[in-house]
Amino acid sequence: MRVTIREPRPSDAEAHRAAVLRSVALLSPWNPVDPDGFHELLRQQGPSLRTYLIINDEDGGIVGKCNVANIVRARFRNATLGYDSYLPYTGTGRMSEGMRLIVDRCFAPYPDGLGLHRLEINVQPDNSRSIAMAKRLGFRHEGFSPRMLWINDAWRDHERFALTAEEWPGLES
Ligand SMILES: CC(C)(COP(=O)(O)OP(=O)(O)OC[C@H]1O[C@@H](n2cnc3c(N)ncnc32)[C@H](O)[C@@H]1OP(=O)(O)O)[C@@H](O)C(=O)NCCC(=O)NCCS
């Protein structure tokens, strides 16, 4: 393991801004890019949104960010994962290592983990790197959702991937 995960804090704002600015060309075709949105993201943290940063152990740099969003509890215990990786760590396998830790955390029982049962990843059909990530993590292709999310000024179709806790390696019970 070359990375750790942790929740974001206000002192990460400048490093996050620099990471996003370095990575605009990578991110902007697929996700909204807002280098100055970090404090707003911190403010939104709560029962329906938890963000994790993936940190490179060697130098403390931010490898990537994952929003565990749309958290619903009760009978659903479901959330949606949205993620970005940042240069210079993109394509080094570190993002995948961090995402495995985040999935672990999502499925781990409350209060150490989020106690979720099902995770969803929605990816635009042409986003092959993100589809590769979903498959690498063991997510199943569940279906196709036309006009699902408003991204870059249009309603974009998405492929829907999902994973339940029973399918996740290493989870006890
Ligand atoms: C999708 C995204 C998060 C993937 O991140 P990433 O940084 O490429 O992830 P990783 O480095 O963990 O991916 C592993 C890749 O690195 C390669 N790699 C290099 N060194 C590696 C190592 N030591 N260990 C494992 N993999 C390694 C793997 O072969 C793999 O390449 P492949 O996809 O061609 O098979 C990133 O491309 C991104 O941020 N895209 C823009 C935003 C986006 O699309 N977000 C998702 C919206 S749904």
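Throughout, read-outs are computed from the coordinates displayed, never taken from laboratory work. Only a predicted model underlies this, so the values are computations on that prediction, with no experimental measurement involved. Cβ sites come from the backbone with ideal geometry, for glycine too, and all protein chains shown count toward neighbours.
Taking H as built 1.01 Å from N, whose amide H comes closer than 5 Å to the amide H of Gly115, not counting residues under 5 places away?
Residues meeting the amide H criterion: Ala108, Tyr110.
Tell me the Kirkwood radius of the stretch 93-173: reciprocal of the mean inverse pair distance over distinct alpha-carbon atoms, in Å.
Values: mean 1/r = 0.0737 Å⁻¹.
That comes to 13.6 Å for the stretch 93-173.
Along the stretch 17-27, what does the Karplus equation 6.51 cos²θ - 1.76 cosθ + 1.60 (θ = phi - 60°) give for ³J(HN,Hα), rounded to whole Hz, x for Gly and Pro?
Whole-Hz 3J(HN,Hα) from phi for the stretch 17-27: 4, 5, 5, 5, 4, 5, 10, 3, 5, 6, 7.
Provide the gained length on full extension for the span Thr164 to Arg2, in nm with one decimal, where the gain is 0.36 nm per separating residue minus the Cα-Cα distance.
Values: separation 162, 0.36 × 162 = 58.32 nm, distance 2.58 nm.
Extra length from Thr164 to Arg2 when fully extended: 55.7 nm.
Mind checking which of Thr80, Thr90, Thr51 has the largest fluctuation in a GNM of the chain, springs on alpha carbons under 10 Å?
Checking each option, the largest mean-square fluctuation is seen for Thr90.
With a point put 7 Å past each Cα toward its Cβ, work out how far Tyr110 is from Ser11 in nm, to one decimal.
About 3.0 nm, to one decimal.
Rounded to the nearest 500, what is the 222 nm mean residue ellipticity of the chain from helices alone, with -39500 (n - 2.57) per DSSP H run of 4+ residues and division by all residues? Let's see the in-between values first.
On the way: 5 runs with 44 residues, N = 173.
For the chain, the value works out to -7000 deg cm²/dmol.
To the nearest Å, what is the center-to-center distance of the stretch 134-167 and the stretch 12-61, using C-alpha atoms only?
About 21 Å separates the Cα centre of the stretch 134-167 from the one of the stretch 12-61.
For Thr51, what is the net charge nearby, where nearby means another residue's Cβ is under 9 Å from its Cβ and Lys, Arg count +1, Asp, Glu -1? Intermediate values should be presented prior to the final figure.
Working: positive: Arg50, Lys65; negative: Glu7.
That sum, taken over residues with Cβ under 9 Å, equals +1.
Largest first and in whole Å, what are the equivalent-ellipsoid semi-axes of the chain based on the Cα gyration tensor, each being the root of 5 times an eigenvalue?
Details: eigenvalues 102, 81, 53 Å².
Equivalent ellipsoid of the chain: 23, 20, 16 Å, largest first.
³J(HN,Hα) across the stretch 74-80 via Karplus (A = 6.51, B = -1.76, C = 1.60, θ = phi - 60°), whole Hz, x for Gly/Pro?
6, 6, 8, 6, 10, 8, 10
Between Leu49 and Ser28, what is the label-to-label distance in nm when each label sits 7 Å out along the Cα-to-Cβ direction?
With each label point 7 Å from Cα toward Cβ, the separation is 2.3 nm.
Give, in nm to one decimal, the length gained when the segment between Glu40 and Arg129 is fully stretched (0.36 nm per residue of separation minus the Cα-Cα distance). Intermediate values should be presented prior to the final figure.
Numbers: separation 89, 0.36 × 89 = 32.04 nm, distance 2.75 nm.
Working it through step by step, the gained length comes to 29.3 nm.
Which order, highest average first, do 14-20, 126-132, 143-149, 95-101 follow once you tally other Cβ atoms within 10 Å for each residue and take the mean per peptide?
On the way: 14-20: 17.3, 126-132: 14.7, 143-149: 11.7, 95-101: 20.7.
So the order, starting with the most tightly packed, is 95-101, 14-20, 126-132, 143-149.
From the square roots a ≥ b ≥ c of the eigenvalues of the alpha-carbon gyration tensor of the stretch 73-124, which class results: rounded (a/c under 1.5), prolate (a/b over b/c), or oblate? The partial results should precede the final answer.
Details: a/c = 3.65, a/b = 1.79, b/c = 2.04.
Here the stretch 73-124 falls in the oblate category.
Once you have the Cα-Cα distance between Trp150 and Ala69, take 0.36 nm times their residue separation minus that, and quote the gain in nm to one decimal.
Numbers: separation 81, 0.36 × 81 = 29.16 nm, distance 1.57 nm.
Extending this stretch completely gives an extra 27.6 nm.
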